[in-house]
Amino acid sequence: MVIEDIKKRALHRTKIIEGQLRGIEKMIENEDYCVDIITLSLAVQKSLGSLNKLLVENHLRTHVSHMYEEGGDQREEAVAELVRIFELSNNRS
């Protein structure tokens, strides 16, 4: 289940990321200045962060809220998922 507004924004973000990645590919093929390529690569990482934020927001507003209301094992599973996301986001380099 995806909230329509978040879905629209997430799909828009993926199109931006796709264009940025094509740009990096062309820059590498053209042997552009390394710092320029790195700058665009860092922009892609920031865009991915924005996409992840949207996906986490959707997950919180839909799945997690439902699981939390269910209580018991569902609530514990929701907490475990959030901890796992937190750990993954802190392990990126």
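The values are calculated or read from the model by the stated rules, or taken from the named source; none is laboratory data. If you're wondering where the values come from, they're calculated on a predicted model, not measured in any experiment. Counting neighbours? That spans all protein chains shown, and the Cβs are built from the backbone with ideal geometry, glycine included. Note: accessible area is taken over every heavy atom of the protein model, side chains too, but ligands, DNA and RNA are not part of it. Shrake-Rupley method; radii C 1.70, N 1.55, O 1.52, S 1.80 Å.
The candidates Ile28, Ile17, arranged from most to least accessible area with a 1.4 Å probe in the full protein assembly, appear as Ile28, Ile17. Across the chain, C-alpha contacts under 8 Å between residues 6 or more apart give a mean separation that, scaled by the residue count, equals a relative contact order of 31 percent. A 1.4 Å probe, protein heavy atoms only, puts the accessible area of Thr62 near 10 Å².
Taking all protein chains together and a 1.4 Å probe, the residues Glu18, Glu81, Glu69, Glu76 rank Glu69, Glu76, Glu18, Glu81 from largest to smallest accessible area. Between Glu76 and Lys26, the FRET efficiency estimated from the beta carbon spacing at R0 = 41 angstrom works out to 0.30.
Approximating the spin labels as points 7 Å out from Cα along Cα→Cβ, the Tyr68-to-Asn52 distance works out to 2.1 nm. Put Glu31, Glu57 in order of accessible area, highest first, and with a 1.4 Å probe you get Glu31, Glu57. Checking [x] 1.32; [y] 1.41; [z] 0.99 against Cα Rg over 2.2 N^0.38 Å calculated from these atoms, the matching label is [y].
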